[in-house]
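Structure first, commentary second.
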Amino acid sequence: MLLSPAPNPHALRPLPALSFAPVTRPETLSIVLDHARPALRRLSRIVPAISERIDVRIEGRTAEAIVALSHMRHAAEGFGYPADPMEKTARGANVKVRDVRLIDAAALHEAGPAWLAGANVAVLHSVDGLSIRRDGSARFGATTIDQVILADDGAILQWMDADEIASFARIEHWTGIETAPQRPGRYRAGFDLDTGTVFAQSSDGIIRAAARDDDGKALPRIADCLSLDPAPRLAARASLTRLCPDDGAPVLGPTRRGKLFVVAGLGVLDLILAPLVAGIIAEQASGLEIEWAAAHGADLRQPRRDIAEFHPGLVAGGAQ
């Protein structure tokens, strides 16, 4: 049973879905590499030609970010990702990663209702009458639900109190934008390690990007990350509330205080790792997958030093 707001075809989805992300942990790189192709095959059965190959730029400017960038590049290369040597620039340094898949999340949302119906999933767009228990079970009218999965930030924010959320993530306010169609640039997607800003350009030329905005500086961060002259025309803008794990790594599993199963912090890897998460929930995961999930448990005290990732909060003085 899926309890979800009704699909909105006009909703702005500024965070891209990619088959690669700037991570440092070899265990996570291995998991992503092992699951990318099977996940893309699954997604292609729902929406043919749902992904395309692109080049991605990862950029760092501060000394901390450049050290992290060098590590990310060597780790990615070690796992067979086509990562070019680090290039020094006037701004700092960047690395190009080739053959990354950009996934058309909007097309998946559009095809989702028919696919869910074919998979015998009951979809309801109202949560009136839902009563969640502390042990992670629930009742919905006369229906008993054995396990509640809070599968995105909105659900977690709606059903968990702030103190419990604070045990595994911080709440950040972001802004997402969409531009008018642009001529394709050298890079179709990019990450700024110093600020966490991310952008991607779809095949129709539209750029979507997102940046932290709790200090009102999201648009300058996005413009700086895009580095386009002239700047593209802004076509849409939306406010986002995101949950960012304090150690920068994904959060998965029942929380420490209750037994609600949460999924948070997957970022741009959400669609690639969705089948893995489903297998973990359904207790169909393999040994290494189970170990990875246990290390990313929501019930572990932050920071989880064995799996912590580089993230903007680690930069001296916080995210810029």
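The values are calculated or read from the model by the stated rules, or taken from the named source; none is laboratory data. The shown structure was predicted, so the numbers you read here are calculated from the model rather than taken from an experiment. We place every Cβ from the backbone using ideal geometry, glycine too, and count neighbours over all the protein chains shown. Ligands, DNA and RNA are stripped out before the accessible areas are found, and what is left, the full protein with its side chains, is counted by its heavy atoms. Shrake-Rupley method; radii C 1.70, N 1.55, O 1.52, S 1.80 Å.
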Q.
Among (1) touching a residue at least 40 places away in the same chain (Cβ under 8 Å); (2) in contact with a strand residue (DSSP E or B) (Cβ under 9 Å, 6 or more places away or on another chain); (3) within 24 Å of Asp104 (Cα to Cα); (4) not small (Gly, Ala, Ser), there is one condition Thr255 misses while meeting the rest; what is its number?
A. (3)
Q) Quick one: would you say Val95 is touching a helix residue (DSSP H, G or I) at 6+ places or on another chain (Cβ under 6 Å), of a type outside the set (Gly, Ala, Ser) and at pLDDT 95 or above? A) yes
Q. Considering Leu29, Leu40, Leu12, which residue is under 18 Å from the mean Cα position of the chain (by Cα), more than 19 Å from Ile272 (Cα to Cα) and either of a type in the set (D, E, K, R) or surrounded by 14 or more Cβ atoms within 10 Å (Cβ to Cβ) (or both)?
A. Leu12
Q: Answer yes if at least one residue in segment 24-31 is in contact with a Phe, Trp or Tyr (Cβ under 6 Å, 6 or more places away or on another chain) and assigned to a strand (DSSP E or B), and no otherwise.
A: no
Q. Within the bounds of segment 267-282, is there any residue that is of a type outside the set (A, V, I, L, M, F, W, C), touching a residue at least 24 places away in the same chain (Cβ under 8 Å), out of contact with any helix residue (DSSP H, G or I) (no Cβ under 6 Å at 6 or more places or on another chain) and under 21 Å from Asp161 (Cα atoms)?
A. no
Q.
For a quick check of your reading of the model, give me the residue pairs whose first member lies in segment 139-161 and is without any contact (Cβ under 8 Å) to a residue 12 or more places away in the chain, whose second is open to solvent by 60 Å² or more (accessible area, probe 1.4 Å), with beta-carbon atoms closer than 6 Å and at least 6 apart or on different chains.
A. Arg139/Ser131
Q: Go through (1) within 20 Å of the chain's Cα centre (by Cα); (2) more than 29 Å from Ile50 (Cβ to Cβ); (3) of a type in the set (Ser, Thr, Tyr) one by one and return the number of the condition Tyr81 breaks.
A: (2)
Q: Look at Ala264 and say whether it is closer than 17 Å to Gly154 by Cα, surrounded by fewer than 16 Cβ atoms within 10 Å (Cβ to Cβ), touching a residue at least 60 places away in the same chain (Cβ under 8 Å) and of a type outside the set (Phe, Trp, Tyr).
A: no
Q | Subset tally (residues that are within 27 Å of Ala105 (Cα to Cα) and either among the charged types (D, E, K, R) or more than 20 Å from the chain's Cα centre (by Cα) (or both)) for segment 50-65 | A | 5
Q) Taking segment 141-170 as the search range and keeping residues that are in a strand (DSSP E or B) and in contact with a helix residue (DSSP H, G or I) (Cβ under 7 Å, 6 or more places away or on another chain), which one is surrounded by the most Cβ atoms within 10 Å (Cβ to Cβ)? A) Leu150
Q | Among the residues listed as Gly216, Gly258, Gly253, the single one being farther than 20 Å from Phe20 by Cα, open to solvent by 50 Å² or more (accessible area, probe 1.4 Å) and either of a type in the set (Asp, Glu) or out of contact with any Pro (no Cβ under 6 Å at 6 or more places or on another chain) (or both) | A | Gly216
(Q) Considering only segment 249-257, I want to know if a residue exists there that is modelled with pLDDT of 95 or more and within 21 Å of Ala65 (Cβ to Cβ). (A) yes
